[in-house]
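Encoded as C-alpha cells, the structure appears first; notes follow it.
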C-alpha cells in the first residue's frame, strides 16, 4: 500500500494522548463522606508507578479512531502492476557483452563483472530474450537467443551465470570496436524475425588501450541502445613492460648492459617509482642487481636493463612496485645470427678496389641477426656440392665455360636466384647458355657521350620498392660510364626493371623454371659506373638478397595471437607452449596458438629453436576510456537521466499515483470506519460513565 500524502501519517502519533489521559486521574475513584471540605483545595491525582490503565477496550477504540483518521487523510492507494503493452511484442532483446581481455585479470575486475552480469539477468522479465557474449580479440558466444529460449524460465539466470563462471580472462588484447559491431549485428539479425527493443549491455573496464577500429564508419541500426557498466579496479596503479625492438640491428649491445625496455605508467596511477630486474619463474624477487625507474603517471620511459646473470635458465625481465602483475613480465629470446651464403663466380681479386668483389665484400656487414658470407670461386674452379646447397644467391661476374654454365643453370632450376653482371659483350655467350638459346643474343658495347643515367625505373618491383618514396627515388646522381646494349625482345619472358636514359635496358628479370635470373648490363666497379660508391648500392644488394629468399623471418619476439612462421618447414613441427602443452603443426603451416606469454620451443627441430611471446603493449594502458570518445564514434549510448528527466519521471509517477488513488478512494472507507469506531466509543464511554454514577450514588 502507498500513500498520496504520507505526511498525514504523522497524525497517528496523537494516539499517545488517550493513553496519557487514561493514566491521569482527575478525580478519585472512591469517595468517603467527610464533615466539611470548604477549607480544603481540590488537587488532581499524579501519575505514579502504581497508576494503572482502566477500560482498555475504550482506549483501543480511541487510538483506532486517530489512526483511521490519519490514514484517511494520507489518501492511501494500492499499487497495481502495469499491464504489458500489446504492441511491445515479446519483450526486449538484450546482448550482454563481457570483456575477457588481459586487462580484466587485474585484482577484483572479473569477480565484479560476474556480479554485474548476474544483476542484469535478474532484472530481466520472462518475456525478455538474452544472449551472453564475451570478447577480447574475438567474440565468443556463450549463450545465444535460441539457447536462452530453450532454457526453463526459472533456471535461465543460474545456467547462464554458470557458463560464465566456467571461463576466465585470457591474455588477448581488447578489440572493443569489433565486439560492439558483432553484438549489434547479432541483435539486428534476431530482430528481423521478431520486432522488439534492442539493447547491448557492455561490461568492461573500458581501458584506454581498447581498439575501436570499425566504429568510425559503422552505421548503427535504428532503435538500438548501448548501456555501459564500467568496472573500476580497487587499486588503479598499473605499469607495464615492453621490449624495445625498433633499434638499429647493426648496433651491438653494451658489455655491461642488457636490452632496452620501455616502462609505461597508466594515467591514473598513484605510484611513480619502480624497479626492473631479472627473475626466475615462480620465484619472487630479482636475480642479481635491479635498476630503479622513475615514471610519472601517464608517461613512459625507455631504460637499459641490467646485464643478465650467468646461468639464468630463461631470459625473463620483471617489474616491481606495481599493484597488478599481469603485465609486469617481458620474455626475451636473443636473436641468433643467421648464416647467409652468397656464391660469387669470377676472377676478381678480393683486395683490388678496381674490381667488383672488393665492394661486394664490404657491402654486407655482420649484424646481430644476419651474417652474410661471400664465397668466391674462380670461373674455372669446380663448384663444391656444399656451395650450391647452402647458397640461395649466386653472382656471376665473368664469362663461364659451358660446363660451368650447366651448373649455374641447375642452380636456377632448383628455385634459386642468379645475378649476371655483363662486364663485356662476351658475357652474351654465358647468357645464351643459361637461357638455353640456340644462339647467343646480340650484345654490343653501348656508345655514350660522357655517361648514362637511369631514366626509367619500375618502383613497383620488389628490387626498387624501398626507393619508391620521393625522398629516395632520385638515381640521377649515379653515372654509368659503360654499359652493354641488348635487345630484350630476343629473351623469352624478360621483364625490364630499369632502363638508361637512352632507352637501353639496365636491369632485366627472367623467370627460369622455379628460379630467377637477373641480368645487369653493366658492372659496379669504378671503371663501369659509380653504383658501388653511391648510397643506393647496399640497399639494392639487400633487396636482391631478400628476393632470393635468403633473408628469412626471425623467430624471436611476437605478441599474443600473432601467427609465427616456422621457416617454411617441409615436415610437421611440434611446438611446446610455456605451460608444457605440445601442439602439432602441419608442414608449411603457421603456428597460431600463441595464447599465453612465455617462451615457446620448436622441439621437432634439432637444435631446437625458441621464440618469445609477450603481452600486447595496449593492454598496459588501463586508465579509463572517456565515454565521450564512444559517443564521438557514433555509439548510441543510453545516457544517465538528467535532473529534468528525473523531475519529469517523478511527476509522471505522481500523476499515476493520483489517478490510482482517485479510482480506488480508499480514504472514504477509512472515514466510514472511523465514524463507526467513534459511535462504538461513545456508546461504550456513556455506558461506563452511567455505571460509575450509579455506583457512586448508592448508599453506604
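Based only on Cα atoms, what mean projected area does the convex hull of region 281-366 have, in nm²?
Value for region 281-366: 10.7 nm².
Once you compute Rg and the Kirkwood Rh from C-alpha atoms, what is the Rg to Rh ratio for region 557-617?
Checking Rg against Rh, the ratio lands at 0.93.
As an exercise, use a Förster radius of 60 Å and the Cβ-Cβ distance of residue 647 and residue 514 to find the FRET efficiency, rounded to the nearest 0.05. Could the numbers behind the result be given before it?
Details: r = 79 Å, r/R0 = 1.32.
According to the calculation, E is roughly 0.15.
How far is it, in nm, from the label point at residue 294 to the one at residue 127 when both lie 7 Å from their Cα along the line to the Cβ?
Each label point is offset 7 Å from its Cα along the Cβ direction, giving 6.4 nm.
Return the label of the correct value of mean projected area of the Cα convex hull in nm², as calculated from the structure shown, out of (1) 31.1; (2) 28.1; (3) 55.8.
Here the calculated entry is (3).
Just want the ordering: 512, 1, 104, from fewest to most Cβ atoms lying within 10 Å of their own Cβ.
Going from sparsest to densest Cβ surroundings: 1, 512, 104.
Whole angstrom only: what separates the Cα centroid of region 282-308 from the Cα centroid of region 104-144?
Going from one Cα centre to the other spans 37 Å.
Assuming 0.36 nm per residue, please report the length gained on full extension of the stretch residue 189 to residue 20 beyond their Cα-Cα distance.
Length gained, residue 189 through residue 20: 53.6 nm.
Fewest Cβ neighbours within 10 Å first, please rank 632, 479 accordingly.
Least crowded to most crowded, the residues run 632, 479.
I need to check one value: relative contact order of the chain, counting alpha carbon pairs closer than 8 Å and at least 6 residues apart, in percent.
14
Taking every eigenvalue of the Cα gyration tensor of region 338-547, multiplying by 5 and rooting it, what semi-axes result, largest first, whole Å?
Taking √(5λ) for each eigenvalue gives 24, 21, 17 Å, largest first.
Which ordering of 105, 590 is given by a fewest-first count of other beta-carbon atoms within 10 Å? Display every interim value, and only then the final one.
Working: 105 18, 590 12.
Starting with the residue having the fewest Cβ neighbours, the order is 590, 105.
Using a basic spin-label model with each label point 7 Å from the Cα along Cα→Cβ, how many nm lie between residue 637 and residue 533?
6.5
All of the numbers you see were taken from the coordinates with simple rules; none came from a lab. Quantities reported herein were computed from a predicted structural model and do not represent experimental measurements. Heads up, the Cβs are rebuilt from the backbone with ideal geometry, glycines too, and the neighbour counts pull from every protein chain shown.
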